[in-house]
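Working notes, beginning with the structure itself.
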Amino acid sequence: GDSVTQTEGPVTLSEGTSLTVNCSYETKQYPTLFWYVQYPGEGPQLLFKVPKANEKGSNRGFEATYNKEATSFHLQKASVQESDSAVYYCALSPLGNTGKLIFGLGTTLQVQP
Amino acid sequence: NSKVIQTPRYLVKGQGQKAKMRCIPEKGHPVVFWYQQNKNNEFKFLINFQNQEVLQQIDMTEKRFSAECPSNSPCSLEIQSSEAGDSALYLCASSLSGVGNTLYFGEGSRLIVV
């Protein structure tokens, strides 16, 4: 079945350091890939999505490249800030399903000042 | 700021009681999803609708939940007989139709079953 595996957290970083959260996926369909972020007490919100292989998505300094060959969609940011502390979810929407998203288990990021 | 409105934010129910949650999707979005998020952050898809019709649901939802999205009224998800394992955050999301569309989530309804 369809699944997403991502870096197990929590990940603790100091402000100004770089971030990589690994995401790998499995599906027999050609998916759209997503990164969502969830802050305490809120619902998940879209960070960005990428519908096509070999393309890059980005927002707020975060970026990820859709690698179809490696079935990966790793999230990166060059310099994290304390306000980036949140839970990050990789997700996929396989072609041919009803539009639902399959989520990874989330990676908690804690950024220390 | 969520444009998907969920009520109530919190509800506390005893085992065996009904628990009902409501969701107003974002204007113009015909597709509505319900997910259960447990304390380990795991998302479980429960059901989705396009307009008033069920697109897909899991067995648990079919057996233990009652869900609907009537026209001109909020969507609702109701657990018929709450169990301790139902304690979770229930998230409603809406989207445009079609695969690959962004899901826009509400802030959730947190259910505690005592």
Exercise for review: Report the net charge of residues surrounding A:GLU15, where surrounding means a beta-carbon distance below 13 angstrom and charges are Lys +1, Arg +1, Asp -1, Glu -1.
Suggested key: -1
Point to revise | chain B: calculated mean residue ellipticity at 222 nm from DSSP helix runs of at least 4, using -39500 (n - 2.57) | key: -1000 deg cm²/dmol
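Could you work out the local net charge near A:VAL50, counting Lys and Arg as +1, Asp and Glu as -1, over the other residues with Cβ closer than 14 Å to its Cβ?
Around A:VAL50, the surrounding residues sum to +2.
Could you order peptides B:94-106, A:3-15 by the average number of other Cβ atoms within 10 Å of their residues, highest first? Spell out each step's value before the answer.
Working: B:94-106: 20.4, A:3-15: 15.5.
For the peptides B:94-106, A:3-15, the packing ranking is B:94-106, A:3-15.
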Exercise for review: Between B:ASN51 and A:SER58, with labels modelled 7 Å along Cα→Cβ, what's the label distance in nm to one decimal, could you check?
Suggested key: 4.2 nm
Point to revise | A:THR71-B:ASN72 FRET efficiency (beta carbon distance; Förster radius 30 Å; 0.05 resolution) | key: 0.10
**Study point:** Members of A:LYS28/B:LYS27; A:LYS28/B:LYS44; A:LYS49/B:LYS44; A:LYS28/A:LYS49; A:LYS49/B:LYS18 lying beyond 28 Å, as alpha-carbon distances in this model show
**Key:** A:LYS28/B:LYS27; A:LYS49/B:LYS18
Check your understanding: For B:MET60, B:MET21, what's the fewest-to-most ordering of other Cβ within 10 Å of each Cβ?
Key -> B:MET60, B:MET21
Review point. In peptide A:100-108, what is the residue-averaged number of other protein chain Cβ atoms found within 10 Å of each Cβ?
Key: 5
Practice item. Could you work out how far the C-alpha centroid of segment A:62-88 sits from that of segment A:1-40, in angstrom? Key: 7 Å
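Quick note: the coordinates plus some simple rules give every number you see, no bench work behind them. What you are looking at is a predicted structure, and each value in this text was computed from that prediction instead of being measured. Because the Cβ atoms are built from the backbone with ideal geometry, glycine has one as well, and the counts that use them run over all protein chains shown.
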